[in-house]
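Participant: The structure under discussion is supplied below as structure tokens; questions concerning it will follow.
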Amino acid sequence: MINNLENGYKISARNEKKVKQISHLFYVDDLKLFASNKEENIRKVDMVKRFSTDICMEFGLDKCAFLTLRKGRRINSENIIIDHTTIKQLDQEKTYKYLGIEESEKVEHRMMKDRISKEYLKRVKLILRTELSARNKIEAIKSLAISVFMYSIGIIDWFQEDLNQLDVKTRKMLNAHRMIYKNQILSRMYVDRSEGGMGLIEMDNIYKREICGLGQYLEGSTSKYLEWILHHEQNKPATTSLTKKKRDFLEMYNISTEEEPGWGKKPARAKISFVKEKFENGRKQRHINQLRQQVMGREFRKNARRGICG
């Protein structure tokens with residue numbers, strides 16, 4: 001119904017011949033409407049309200065707010081009144097939440113990074129205080145704490161420094177709860193238990209693996225809207241572009257999809273799984289190699305000391 005109004009927020013560049021226009025974002029009970037002007041937005045809100053009434057669903061106008069942008073910047077506008085209900089303009093310093101992400105005229109990256117980091121570390125701390133075995137604590141961290149971080153990948157701009165800080169703080173908490181000791185070989189933490197490690201996964205590699213999967217998903221999608229996103233990501237700088245980061249991360253482990261037999265015939269999901277699996281295998285092998293080198297180095301130093309003492 002909203003699409004039939006043929007009105008929305010234009011996201012195409014001025015030199016583009018084909019007009020790219022988005023009218024709304026909708027997921028379960030979260031709805032965000034876009035319009036080129038205030039009058040069109042009122043029409044859309046009124047249509048949604050009438051439709052909700054027809055299907056006996058309550059539409060909470062009192063919980064709604066609107067934001068007016070011009071050339072990417074906020075401008076003041078009068079409140080919207082529909083059926084004696086006032087929809088207020090979002091205050092200058094305030095944000096709104098859509099699918100758990102705080103936004104204003106842009107995604108609030110710094111605010112979300114602080115919030116996600118605190119929630120992740122809080123969950124890690126609660127898990128480490130339980131009476132679970134060391135193995136089950138690691139599994140709980142991977143399933144209950146890391147999932148908080150994974151939700152934000154591809155939305156929030158996490159930089160290498162942010163990821164390193166989360167890994168360092170995790171190791172400090174493990175050390176405080178006597179899960180690891182101070183001078184422990186670092187790679188042992190991230191090697192699978194079947195290989196003699198602890199089975200933890202660092203945030204850095206989780207982020208890179210998921211970015212590879214998301215980048216492959218965008219490149220293999222035939223959806224009109226996802227093609228727009230792909231084009232947008234390709235024009236972004238390398239520090240924030242999904243597709244450019246995916247290319248760089250795969251090059252870290254010399255992974256090339258072009259050399260894979262029958263790559264073009266693989267379904268989209270198989271391609272995503274292949275890319276993520278290849279990256280994960282590269283990560284595991286790197287840590288195994290580092291663990292072996294460090295163990296051998298320690299043994300060599302011990303033998304050298306014995307030889308000197310003898």
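The values are calculated or read from the model by the stated rules, or taken from the named source; none is laboratory data. As the structure is a computational prediction, the values presented were derived from the model and not from experiment. Ideal geometry is used to build each Cβ from the backbone, glycine not excepted, and the neighbour counts take in all protein chains shown. Protein only, heavy atoms only, side chains kept; ligands, DNA and RNA dropped before computing areas. Shrake-Rupley method; radii C 1.70, N 1.55, O 1.52, S 1.80 Å.
Participant: Please state which of the following conditions residue 192 fails to meet, knowing it meets all the rest: (1) surrounded by fewer than 20 Cβ atoms within 10 Å (Cβ to Cβ); (2) of a type in the set (D, E, K, R); (3) within 26 Å of residue 242 (Cβ to Cβ); (4) touching a Lys or Arg at 6+ places or on another chain (Cβ under 9 Å).
Facilitator: (3)
Participant: While we're here: Within the set of pairs 6 or more residues apart or between chains, which connect a residue that is touching a residue at least 40 places away in the same chain (Cβ under 8 Å) inside region 271-289 to a residue that is aromatic (Phe, Trp, Tyr) and in a helix (DSSP H, G or I) with Cβ atoms less than 6 Å apart?
Facilitator: 272/217
Participant: Select from region 113-141 the residues that are loosely packed, with under 15 Cβ neighbours inside 10 Å, free of Cβ contacts under 8 Å to residues at least 60 places away in the same chain and not in a loop (DSSP other than H, G, I, E, B) and list them in ascending order.
Facilitator: Across region 113-141, the qualifying residues are 114, 118, 119, 122, 125, 126, 136.
Participant: Also, quick follow-up: When only residues in region 227-241 that are among the β-branched types (Val, Ile, Thr) and in a loop (DSSP other than H, G, I, E, B) count, which is surrounded by the most Cβ atoms within 10 Å (Cβ to Cβ)? Talk me through it step by step, then tell me what you get.
Facilitator: Our first condition is that a residue be among the β-branched types (Val, Ile, Thr); within region 227-241, this holds for 229, 239-240.
Remaining after also requiring in a loop (DSSP other than H, G, I, E, B): 239-240.
Numbers: 239: 10, 240: 13.
Selected residue: 240.
Participant: Please pick out the residue among 83, 30 that is within 30 Å of residue 203 (Cα to Cα) and of a type outside the set (S, T, N, Q).
Facilitator: On the way: 83 fails: within 30 Å of residue 203 (Cα to Cα).
The conditions single out 30.
Participant: Would you check if there is a residue in region 257-273 being surrounded by 17 or more Cβ atoms within 10 Å (Cβ to Cβ) and part of a helix (DSSP H, G or I)? I'd like the intermediate steps shown before the answer.
Facilitator: Going through region 257-273, the residues surrounded by 17 or more Cβ atoms within 10 Å (Cβ to Cβ) turn out to be 271-272.
Now restrict to residues that are part of a helix (DSSP H, G or I): 271-272.
Yes: region 257-273 contains one or more residues that are surrounded by 17 or more Cβ atoms within 10 Å (Cβ to Cβ) and part of a helix (DSSP H, G or I).
Participant: What are the pairs, 6+ residues apart or on separate chains, where a residue within region 50-72 that is polar (S, T, N, Q) has its Cβ under 8 Å from a residue that is surrounded by 10 or more Cβ atoms within 10 Å (Cβ to Cβ)?
Facilitator: If the second residue must be surrounded by 10 or more Cβ atoms within 10 Å (Cβ to Cβ), the pairs left are 52/59; 53/59; 68/38; 68/74; 68/75; 68/77; 68/89.
Participant: Still on this structure, I have one more. Output the residue which, of all residues in region 86-110 that are touching a strand residue (DSSP E or B) at 6+ places or on another chain (Cβ under 8 Å) and in a loop (DSSP other than H, G, I, E, B), is most open to solvent (accessible area, probe 1.4 Å).
Facilitator: First, the residues of region 86-110 that are touching a strand residue (DSSP E or B) at 6+ places or on another chain (Cβ under 8 Å): 86-90, 92, 95-99, 101-105, 107-109.
Applying the additional criterion that residues be in a loop (DSSP other than H, G, I, E, B) yields 90, 92, 95, 99, 104-105, 108.
Details: 90: 25, 92: 117, 95: 41, 99: 60, 104: 11, 105: 79, 108: 41 Å².
Result: 92.
Participant: Residues 278, 244: which one is under 29 Å from residue 124 (Cβ atoms) and assigned to a helix (DSSP H, G or I)?
Facilitator: Details: 244 fails: under 29 Å from residue 124 (Cβ atoms).
Testing whether each residue is under 29 Å from residue 124 (Cβ atoms) and assigned to a helix (DSSP H, G or I) leaves just 278.
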